[in-house]
Amino acid sequence: MTFFEDWLFLGLLAAFFYGLAAVMSKVVIGQNFFGLNPKAAALLMFVGSAIVIAAFVLSGPIVFPNNPLALGAGVLYGILLTIGNVIVYIAI
């Protein structure tokens, strides 16, 4: 598989899972479905994310950068992504 095909396939796969996650958030939070409150949904999202991240991290060695700015940027990315997800849950 060439570089173009590889990143294209992975991008489409990621888009599929993002879309599926959006549908599942509507099912979990929507009043016509399970109707959980956003805090409960966020906690369940955290548990699900923790399972996937743990499996990913345990699948091989981890090399952390020595640059504190890189570490901070990574943590900030996680914070911003989570804030965005919580806002989506509140909006739904």
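The values are calculated or read from the model by the stated rules, or taken from the named source; none is laboratory data. Predicted model only: the values in this text are computed from it and were never measured. Cβ: placed from backbone, ideal geometry, glycine included. Neighbour counts: every protein chain shown. Each accessible area value is taken on the protein alone, full model and side chains, heavy atoms only, with ligands, DNA and RNA left out. Shrake-Rupley method; radii C 1.70, N 1.55, O 1.52, S 1.80 Å.
Some observations on this one:
- Filter result (of a type in the set (A, V, I, L, M, F, W, C), farther than 29 Å from residue 27 by Cα and not in a loop (DSSP other than H, G, I, E, B)) within the range 57-74: 58, 69, 70, 71, 73
- Residues located in the range 23-41, provided they are touching a helix residue (DSSP H, G or I) at 6+ places or on another chain (Cβ under 6 Å) and either in a helix (DSSP H, G or I) or in contact (Cβ under 8 Å) with a residue 40 or more places away in the chain (or both): 28, 29, 38, 41
- Annotation note: Cβ proximity below 8 Å between a residue of the range 79-92 that is open to solvent by less than 80 Å² (accessible area, probe 1.4 Å) and a residue that is outside any helix (DSSP H, G or I) (sequence gap 6+ or interchain) occurs for 92/30.
- For residue 51, the stated conditions do not hold, so it cannot be described as open to solvent by 100 Å² or more (accessible area, probe 1.4 Å), assigned to a helix (DSSP H, G or I) and touching a helix residue (DSSP H, G or I) at 6+ places or on another chain (Cβ under 7 Å).
- No other residue among 17, 33, 56 is loosely packed, with under 12 Cβ neighbours inside 10 Å, more than 18 Å from the chain's Cα centre (by Cα) and not charged (D, E, K, R) apart from 33.
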